[in-house]
Every structure is written in structure tokens, then in C-alpha cells.
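**Q** There's a structure below that I have some questions on.
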Amino acid sequence: MAEHEVSREDVQQNDTRTERAQPRHRWLRVVLWIGVPLVAILVVISIVTSVTPWPSAMIIRSVFERGGAATVAEMQPYVPDTPLREQLDVVYAPATAGIAAADTTMDVFTSAAAGAVLPTVVWVHGGAWISGSKENVDPYLRILANEGYTTIGVNYTLGPEGAYPIAITQLNEALAYIDANAEELGVDASRIVLAGDSAGGQLASQLAVLMTNPRYADIMGMEPALEPDQLVGAILNCGVYSLPAMAELDGITAWGFQVALWAYTGTKNWSASYEGATMSTIEWVTDDFPPTYISGGNGDGLTWLQSIPMSQRLRDVGVDVTELFWPAQHSPALPHEYQFHLDLPEARKALAYLADVTG
């Protein structure tokens, strides 16, 4: 009997252990059922993103587009009610295969009557070279046009849809169109300011170098659309002027720029290539570079890494520089492209720059 009772206890203990093990087994099956496909998906994503920037670039673009739309809405209340003469979606170059028709268009705003010509600000929008459009800066350009300028926002082909240097080629074509159609557009072709924000600041600086450094134009294999004396100024807001410096970043910011520049240039090795060398305008400026207004917020890492070194470089080569920077401890910390956040008094102060760069 004793042996029989012991055996029954053993059976009961085994049953209990089995019952306890069953939930663990079920949990293990669930983990395997979810985890194995998830790991497989992550491996596929890792492989795909290591050979093409497209998926990551599209994610970044969607984030930037939401931010751009919010900034446009934020600027809208500051646009004066005064009617402007507007020419929207002006085609500056014919569409070519693989290029969207909207890529080679511009918006023109002027407060002048038909036939009058005014000092002109040609603005290149930002968006990390892979997002954005001229519409993102239209409210700002309407505000500036009310101050007595003709203002022009220019589209260009973004990466990765277009490979470098297509954007700078298109922007040079836009300047050629503006020069050839100056009277119709209300442009004083002898008083042109090249302007841009963020990636657009880099592109505006590249255009200015193209117009003022013959050696650079020769290396780019491009014919400058304007003569150096047609440029009376440059406006560089929160831009990028040294790609090797960008290669030294780390963290999520570094990842974003690495993806964007890979998508835009078409090469993962952008910091040590033809693309990076020719985009690094800090190495190409001369004393013929136009008088420059340059600014960045103290809460923007690009200010310390890019804008302040660029300002110093311009001064070193003899360019007349007007800078608007803020102490590191300034409060509130001014973000990237603070100039468009017109609720800030600092942003409204930045609107005063044109008197300095147009003479």
C-alpha cells in the first residue's frame, strides 16, 4: 500500500509540474511565433537600408513635410493683407524624362506695378535636400515682397529622385530664366540676392560660389547664369557648408544626415568624394563672394558646426558679413530655422537683414 501511495503522489506531482509547464510552453510558442518573423523582418529591413537610401529617405521626408506644413500655417497670420502681383508655377525650364514638371517651376511675388522692377531675392527652400517645396517659403516671401522687393521661390528636383548635381544645375537654369525675363517678372537683374534656409542655404551658397569663382565653375562643368556684379547679397540661414564636418556627427542626427546626403548625392561616401568636395562651399569662397547675411539659432547644432565657421571663413577672405547669432545661454534656445517662427521676437528681428545685403 505504501508503495502504491508513493507512486500516486509521484503521479500527482508530475501532473502538477506538467500543468505548470504548459503555460510556459504556450508563452514560448507565442514568443517564437512573433519573434522569429519579427527578426526576419528586421534582417530584411537592415539589408534593404544598407543598399538603398529610399525607405529611410521617405520616412524622413514624411516627417519634414508635416513640419513644413505646420510652419506655413504658423507664418500665415503675419502675411500682410496688401495685394501682391503674383505669378505662380512659372516654368523656368522644360520638363525632361524622369523629372516631374513641378520641379522646374518658381513662384514670383512683387508689390510693384506691372513694368516696374525691384531688387530681387531668389530663395531656395530647405528640407535636407530630400523634401520641401517652394510653397514652404511662400508666406515668408509674401512678407518680404511687401517690404519693396520682388521675391522668388524656386523648386528643384529632390533626392533620391534626382542625382547630384541636378538640383544645382536646375537652379542655375532658374537664374538664367530670371535674368532673361527680368522685366516681365519685376526683377532688377542688377540687384539679385541669393537666399536659402537649411539645405537651401547650402544650395544658395553653392550658386553664389558658382557665379563668383571661375575655377569652381570649371570643375563643376557649368556656365554661370549671372555675372558676379549682378549679385548684391547672399542670405544664408541655418545652412550646411562643410560636409566633412557633417561626417563627424553621431546619434540620430548623424543618421538622418547620412541618409539624406546619400539619397541626394547618390553615394554613401559623400564626405570624401566629388559630391562632398563641391558641396563644401566653405572651401571655395573668394573675396568676390557677395556681401552676406548669415544666421542660426543657438539651439541649432548646425549654428556651431556650420554657420559660425562659414561666417568666419567669409570674413577671412574679405567678404562683407552681417551675422545674427545668439549667445549659447540665450533663452529660449532658438531652434533650427528659427527665422520662420515669427511668434518669436528674434525671428522678427531677422526680417531686418535685407537692408544690409541689398545696399
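The values are calculated or read from the model by the stated rules, or taken from the named source; none is laboratory data. What you see is a predicted model, and the numbers here were worked out from it, not measured in a lab. So basically every Cβ, Gly included, is an ideal-geometry build from the backbone, and we count neighbours across all protein chains shown. Please note that ligands, DNA and RNA were not included when accessible areas were found on the heavy atoms of the full protein model with its side chains. Shrake-Rupley method; radii C 1.70, N 1.55, O 1.52, S 1.80 Å.
**Q** Amide H to amide H, which residues 5 or more places from TYR92 or on other chains are under 5 Å from it, using H placed in the peptide plane?
**A** HN-HN under 5 Å from TYR92: THR105, MET106.
**Q** Something else: Step through the residues of the range 207-213 one at a time and calculate ³J(HN,Hα) from phi using the Karplus curve (6.51 cos²θ - 1.76 cosθ + 1.60, θ = phi - 60°), rounding each to whole Hz and writing x for Gly and Pro.
**A** For the range 207-213, the Karplus-derived couplings read 4, 4, 5, 4, 6, 10, 10 Hz, x marking Gly and Pro.
**Q** List every residue whose amide H lies under 5 Å from the amide H of ARG191, counting only residues 5 or more places away in sequence or on a different chain, with H placed 1.01 Å from N in the peptide plane.
**A** Close amide H contacts, sequence-distant or interchain: THR120.
**Q** Tell me the carbon and sulfur percent of the accessible area for the range 169-275, rounded to whole percent, probe radius 1.4 Å.
**A** 48 percent
**Q** Among LEU88, ALA69, PHE109, whose Cα sits farthest toward the positive end of the charge dipole of the range 61-110 (+1 at Cβ of Lys/Arg, -1 at Cβ of Asp/Glu, about the Cα centre)?
**A** ALA69
**Q** Suppose the chain between ALA176 and GLU147 were pulled fully straight at 0.36 nm per residue; how much longer would it get relative to their current alpha carbon spacing?
**A** Between ALA176 and GLU147, full extension yields 7.9 nm more.
**Q** Please give the net charge around ARG142, taking every other residue with its beta carbon less than 13 angstrom from that of ARG142, where Lys and Arg add +1 and Asp and Glu add -1.
**A** -4
**Q** Here's a follow-up. Which net charge results when you count Lys and Arg as +1 and Asp and Glu as -1 among the other residues whose beta-carbon is under 15 Å from that of SER198?
**A** With Lys, Arg at +1 and Asp, Glu at -1, the net is -2.
**Q** Taking only the alpha carbons of the range 73-197, what extent do you get along each of the three principal axes, in Å, biggest first?
**A** Largest to smallest, the principal-axis extents are 39, 35, 20 Å.
**Q** Mind ordering 200-208, 97-105 by average Cβ neighbours within 10 Å, highest first?
**A** The packing order, highest mean first, is 200-208, 97-105.
**Q** Would you tell me the accessible area of PHE64, worked out with a 1.4 angstrom probe on the heavy atoms of the protein chains, in Å² to the nearest 10?
**A** Rounded to the nearest 10, the figure is 100 Å².
**Q** Of the accessible area of the range 65-145, with the probe set at 1.4 angstrom, what percent is carbon plus sulfur?
**A** The value for the range 65-145 is 60 percent carbon and sulfur by accessible area.
**Q** Another question about this same structure. At what distance in angstrom do the alpha carbon centres of the range 63-86 and the range 239-304 lie from each other?
**A** 27 Å
**Q** Here's a follow-up. For the range 240-256, take each phi angle, set θ = phi - 60°, evaluate the Karplus expression 6.51 cos²θ - 1.76 cosθ + 1.60, and give the result in whole Hz per residue in order, putting x for glycine and proline.
**A** Result, ordered by residue: 10, 10, 9, 6, x, 5, 5, 5, 8, 5, 9, x, 5, 4, 4, 4, x Hz.
**Q** With an 8 Å Cα cut-off and a minimum separation of 6 or more residues, compute the relative contact order for the range 47-109 in percent.
**A** Contact order relative to length: 25 percent.
**Q** Right, something else. Please list log₁₀ I(q)/I(0) at q = 0.25, 0.27 Å⁻¹ for the range 120-183, using the Debye equation with identical point scatterers on the alpha-carbon positions.
**A** Normalising to I(0) and taking log10 leaves -1.09, -1.16.
**Q** Still on this structure, I have one more. For the range 115-121, what does the Karplus curve 6.51 cos²θ - 1.76 cosθ + 1.60, with θ = phi - 60°, yield as ³J(HN,Hα) per residue in whole Hz, taken in order and with x for Gly and Pro?
**A** x, 7, 10, 9, x, 10, 9
**Q** Can you tell me the dipole magnitude for the range 173-236 around its Cα centre, using point charges on the Cβ only (Lys, Arg +1; Asp, Glu -1), in Debye to the nearest 20?
**A** The calculation lands at about 280 debye.
**Q** Under 5 Å between amide hydrogens, which residues at least 5 positions from ASP320 or on another chain qualify, with H placed 1.01 Å from N in the peptide plane?
**A** Counting only residues 5 or more places away or on other chains, the set is THR292.
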